[in-house]
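Heads up: the structure comes next, in structure tokens.
The values are calculated or read from the model by the stated rules, or taken from the named source; none is laboratory data. Computed from a predicted model, the values in this text were never measured in an experiment. Here the Cβ positions follow ideal geometry from the backbone for every residue, glycine too, while neighbour counts run over all protein chains shown. To get the accessible areas, we keep the full protein, side chains included, count just its heavy atoms, and leave off ligands, DNA and RNA. Shrake-Rupley method; radii C 1.70, N 1.55, O 1.52, S 1.80 Å.
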Amino acid sequence: MTTRLWTKMQTQQTVKALRQAGYVVNRTNDMYKCELDGENVFTAMLGYKGYMVRYNPKLFDEEGEG
């Protein structure tokens, strides 16, 4: 899993893109969560100036990581 600090705009754009790609992204108490086959692949928790995001690098196919 990779952890990053993202702006609100980055997080919302990513959640929108995940939903458009067919993933189910749930929102509960200032947190977004996406699971695939019972495995947590994306989580975004509201912080002070943005979101703390944890995700599986394979979800976004980052260079050199998947």
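General remarks:
- For the stretch 21-63, the set of residues classified as open to solvent by 90 Å² or more (accessible area, probe 1.4 Å) and closer than 13 Å to THR2 by Cβ consists of ARG54, LYS58, ASP61, GLU63, listed by residue number.
- Residue selection: LEU18 satisfies the criterion of being under 16 Å from ARG4 (Cβ atoms) and either surrounded by 16 or more Cβ atoms within 10 Å (Cβ to Cβ) or touching a residue at least 40 places away in the same chain (Cβ under 8 Å) (or both).
- Answer from TYR23, TYR55, TYR32 - the residue that is under 19 Å from LYS8 (Cα atoms), at pLDDT below 95 and among the hydroxyl-bearing types (Ser, Thr, Tyr): TYR55
- Among residues of the stretch 2-13 that are farther than 13 Å from THR43 by Cα, those with a beta-carbon under 7 Å from a residue that is surrounded by 13 or more Cβ atoms within 10 Å (Cβ to Cβ) at least six positions away or on a different chain give the pairs THR7/GLY50; LYS8/GLY50; LYS8/TYR51.
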